[in-house]
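Scroll down for the structure; my scribbles are underneath it.
The values are calculated or read from the model by the stated rules, or taken from the named source; none is laboratory data. Since the model is a prediction, treat every value here as computed from it, not as a measurement. Positions of Cβ are generated from backbone atoms using ideal geometry, with glycine treated the same way; all protein chains shown enter the neighbour counts.
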Amino acid sequence: MNFDPIDDLAKQLHHDWETPELWTSIERAAQARRRRRAWLFAAPVLAAAAGLAIFLSPVLRRAPATLPANSPLLTEQAMAEASAAEAAYRKSIDRLAQLASDKLSNPATPLLRAYSQKLTVLDAAIAELNREIEHNGFNAHLHVQMSALYRDKQQTLEKVLHND
Amino acid sequence: MSESRECRLPGELLALPIEILNDATTGLAVLEAVFRDHAPKMKSIAFNLLGNEHDAEDAIQEAFLKAHRGLDAFGNRSGLHTWVYRVLINTCLDEGRRRQRLPVATVEAPVVSRESPADQRAALRQAISQLENRQRAVFLMSAVEGLPHAEIASILEITETNSRTLLLEARRNLQARLRV
């Protein structure tokens with residue numbers, strides 16, 4: 001049997017069109033799902049939350065004993081201290097990133113390339129979360145997520161530095 | 001490292017250890033490489049299975065999100081991209097089954113003129129939509145997108161011989177329906 005006419009016609013069915021936003025929307029949806037899951041289930045986030053609670057405990061202890069029922073979880077003073085701590089933590093991670101920059105700018109192995117890509121995604125997630133925090137700085141949940149992202153970044157950078 | 005299971009990936013991300021794939025953030029970067037290399041064919045397959053660009057894009061998004069969720073379960077049985085193809089085809093076929101369950105308005109079958117190439121393509125699309133699912137998937141991947149039978153076999157988890165047989169049956173059925 002001669003199938004040439006069908007095969008010739010079939011080749012014309014390939015259909016292509018521009019989808020410049022498609023991957024971005026997939027990435028956003030995946031990251032949003034990941035953040036939801038991290039908040040609900042991930043142990044590292046709970047550990048970070050515990051860490052944050054321990055860190056904030058001196059400030060909270062100094063807060064008035066009776067807060068109004070509708071008071072935000074974090075007072076202005078606690079926010080200022082948390083921001084200062086975050087800034088110091090970021091600075092230490094930036095120093096770590098500086099140490100790893102040589103390896104990351106010229107990744108010698110597929111593993112290092114993967115770490116480099118992961119760090120790019122993490123930086124994008126951190127930037128996005130920073131924007132959310134600018135609009136809603138009193139939301140402790142966002143700060144917990146930020147701690148988790150920085151912890152992930154720190155661990156990844158450590159893996160890069162220990163990778164030979 | 002030498003004991004790590006490895007998976008085959010397109011482009012620069014060859015031979016990544018499976019532990020890296022299982023990391024959610026890195027997994028996304030790895031899937032992006034699959035998207036970059038295979039999106040045109042994946043979009044076309046989804047378009048030809050679902051009939052419009054909007055549904056095809058939705059199916060692609062759903063397939064990649066399912067793949068991202070399922071990276072832990074990805075057991076390196078085949079290349080990562082063939083697995084994503086499989087997830088996509090299953091997503092499109094599920095959507096097709098969902099549509100069949102919806103009540104649809106009765107429409108008259110279009111009168112197909114065979115004179116213009118556009119009409120011929122429309123007639124072929126209609127005939128393909130009436131094929132059995134596996135014949136349809138094999139025909140679209142082989143005759144339309146040019147994927148080799150070895151890859152199609154891996155995507156559909158069948159043998160290469162099965163893939164060739166399904167293509168032959170699809171062509172015969174299409175020829176009978178179109179009388180070309």
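Just a few scattered comments:
- Among the candidates A:Leu142, A:Leu99, A:Leu157, A:Leu111, residue that is surrounded by fewer than 16 Cβ atoms within 10 Å (Cβ to Cβ) and touching a Leu at 6+ places or on another chain (Cβ under 8 Å): A:Leu99
- One residue stands out in the range B:59-74 among those that are more than 10 Å from chain A (Cβ to nearest Cβ) and assigned to a helix (DSSP H, G or I): the one that is surrounded by the fewest Cβ atoms within 10 Å (Cβ to Cβ), namely B:Ala73.
- Taking the listed residues B:Leu131, B:Leu124, the one that is out of contact with any Asp or Glu (no Cβ under 6 Å at 6 or more places or on another chain), part of a helix (DSSP H, G or I) and either over 19 Å from A:Phe3 (Cβ atoms) or aliphatic (A, V, I, L, M) (or both) is B:Leu124, with no other qualifying.
- Boolean, A:Glu18 is modelled with pLDDT of 70 or more, within 30 Å of B:Ala63 (Cα to Cα) and not in a helix (DSSP H, G or I): yes
- Residue match in the range B:95-118 (condition: modelled with pLDDT of 85 or more, in a helix (DSSP H, G or I) and within 14 Å of chain A (Cβ to nearest Cβ)): yes
- Selection of the range B:42-52 for residues being surrounded by fewer than 19 Cβ atoms within 10 Å (Cβ to Cβ) and in contact (Cβ under 8 Å) with a residue 24 or more places away in the chain yields only B:Gly51.
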